[in-house]
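In what follows, a single structure is set out as structure tokens and then discussed.
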Amino acid sequence: MSALDEILGMSAGAREALSARIARHLPPPLVAVFNPDVMGSHLLFDEFVHRLTLQVCAETGLAETASEWSTVDEIVERSGFDPAPARAAVDSIVRHLVSRGVLAREEAADGPRFRAARDLPALDPAVVRAEQQRHDPACLPSYVIAETAARDYPAFLGGKRSGEDILLAPTRLPLWVAYFSNGNVLYAVNNRVGAVAVEAWMPLKVGVILEIGGGCASGTTALLERLATVGRMGDVSRYRFTELVPAFLRRGQRNVEERFPGLAGLTFEALDMNRSFAEQGIAGASVSIVYAVNTLHVAHDLAFTLAEVRQALAPGGQLIISECVRPFPGQTLYPEFVFNLMATFRAPRLHPDYRPNGGFLTIGQWTSALEAAGFGDVRVLPDIASIRNDLPTFYAAALGATRGA
């Protein structure tokens, strides 16, 4: 048995069979995106983040704090954490440990309670990292970001350092450029899914595509490459790339212009999705498609942002988003280990029906949010409801919705 097989608990043949089962629910352009090697990297990184989580628990004494039945709030209090930043992260850690059998859960009158089900296992993250290096080193930027978060998790939980300070210091920019890259397949899957969805749902001729939160433009380049591959680049009259963070905006513009020199109709500008679009130069009914990759889940007020998107769209225009989605309510996803450090991720304005938590949403919650904002014709690609029966941690999906008259 290889080291990869031992870590994952499944052979190369089992991974190939898993990919084959998933492929039955994928459009042809996405079959290669979720090949057995990518599935191996996905499962490896899931294990890596699990081991980092155990390491954080050991360093902070969190598991020992849960030696008796406790709510999340009681665990936070007894661990001496700062509840304002720590609660969402601890809640996610606890739910993850329940899914791995480290903690037990019971329902009580005051909500779910948790208790250590067994001793905290000691598992070395470095072993998994070394195997990822052998298997596909292109994925290592995800490992670097996760390790960066893990090193300062105790200081974050204790309220001594903010997540923004840990993750967004100027010296971290190269880490994010490497992470938000189409070379990093662990992130690029969302870009590829989004690009295929836009190509599939885009009408024959499009006026303006407005991309929100384009970051370093890996999603943009994936989409433009897809349109070029299928001969549809000329179907778009104008592409408005927007990003709020100046360093990302500059990097995104450079990346797109280097990859597509001389391409007509490209513009680059700042846009804050938490403010009026019209006040920032996006006229009402002026856009054919609003596109966003892993962006709208950090809108502070999702209802407000969706209303702004709808107003910007012409009648019949489409919102198309590619997002990490929770396959099941309350399920944890490995990107949360990092992004729960960020206030914009963990603490948006909540809504009982479609925004019950910070971070990622389920397909059902997205559908409810879109319909509440006045969108119709909500659709999903790929068929994640079927895929999750084979791979419960599959999280990459695109959603489309149409503005009516």
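The values are calculated or read from the model by the stated rules, or taken from the named source; none is laboratory data. Please read these numbers as outputs of a predicted model, since none were measured by experiment. Every residue, glycine among them, receives a Cβ derived from its backbone with ideal geometry; neighbour counts consider all protein chains shown.
Listed residues R250, R259, R254; which is in contact (Cβ under 8 Å) with a residue 12 or more places away in the chain and on the phi < 0 side of the Ramachandran plot?
Being in contact (Cβ under 8 Å) with a residue 12 or more places away in the chain and on the phi < 0 side of the Ramachandran plot holds for just one of R250, R259, R254, which is R259.
Return the residues of region 77-98 that are on the phi < 0 side of the Ramachandran plot and of a type in the set (G, A, S); say none if nothing qualifies.
S79, A84, A86, A88, A89, S92, listed by residue number.
Considering F81, F45, which residue is at pLDDT 95 or above and out of contact with any Cys (no Cβ under 8 Å at 6 or more places or on another chain)?
F81
Among the residues of region 346-405, write down those that are under 17 Å from the mean Cα position of the chain (by Cα), surrounded by fewer than 18 Cβ atoms within 10 Å (Cβ to Cβ) and not in a loop (DSSP other than H, G, I, E, B).
The answer is G364, V380.
With more than 15 Å from I321 (Cα to Cα) and touching a residue at least 12 places away in the same chain (Cβ under 8 Å) as the only criterion, which of V189, V196, V177 stands out?
V177
Do we have R403 as at pLDDT below 95 and in contact with a Phe, Trp or Tyr (Cβ under 7 Å, 6 or more places away or on another chain) here? If you could, list the steps in order and put the result at the bottom.
Details: at pLDDT below 95: no; in contact with a Phe, Trp or Tyr (Cβ under 7 Å, 6 or more places away or on another chain): yes.
Answer is no for this residue.
Taking region 299-338 only, how many residues are under 20 Å from S368 (Cβ atoms) and in contact (Cβ under 8 Å) with a residue 60 or more places away in the chain?
Residues that pass the stated criteria total 21.
If I ask for residues that are among the hydrophobic types (A, V, I, L, M, F, W, C) and more than 24 Å from G404 (Cα to Cα), which ones from region 362-391 would you list?
Across region 362-391, the qualifying residues are I384, A385, I387, L391.
Report, ordered by the first and then the second residue, all pairs with beta carbons closer than 7 Å, sequence separation of six or more or different chains, a first member in region 262-275 that is in a loop (DSSP other than H, G, I, E, B), and a second member that is at pLDDT below 95.
Listed by first residue and then by second, the contacts come to nothing, as the list is empty.
Tally up the residues in region 92-134 that are under 19 Å from D37 (Cβ atoms) and either crowded, with 18+ Cβ neighbours inside 10 Å or in the same structural domain as P329 (by TED's automatic domain parsing) (or both), please.
Adding up the residues that qualify gives 4.
Got a number for residues in region 1-16 being modelled with pLDDT under 85 and among the acidic types (D, E)?
Adding up the residues that qualify gives 1.
Filter region 62-107 down to the residues that are assigned to a helix (DSSP H, G or I), among the β-branched types (V, I, T) and over 19 Å from S162 (Cα atoms), then identify the one that is nearest to the chain's Cα centre (by Cα).
This residue is V94.
Are any residues in region 226-245 surrounded by fewer than 17 Cβ atoms within 10 Å (Cβ to Cβ), charged (D, E, K, R) and in a helix (DSSP H, G or I), and if so, which ones?
Result: D235, single match.
When you check V189 against the structure, is it modelled with pLDDT of 95 or more and under 17 Å from the mean Cα position of the chain (by Cα), yes or no?
yes
Please specify each residue of region 276-311 satisfying the condition of being assigned to a loop (DSSP other than H, G, I, E, B), of a type in the set (A, V, I, L, M, F, W, C) and either modelled with pLDDT under 95 or buried (at least 22 other Cβ atoms within 10 Å of the Cβ) (or both).
Result: F277, I282, A299.
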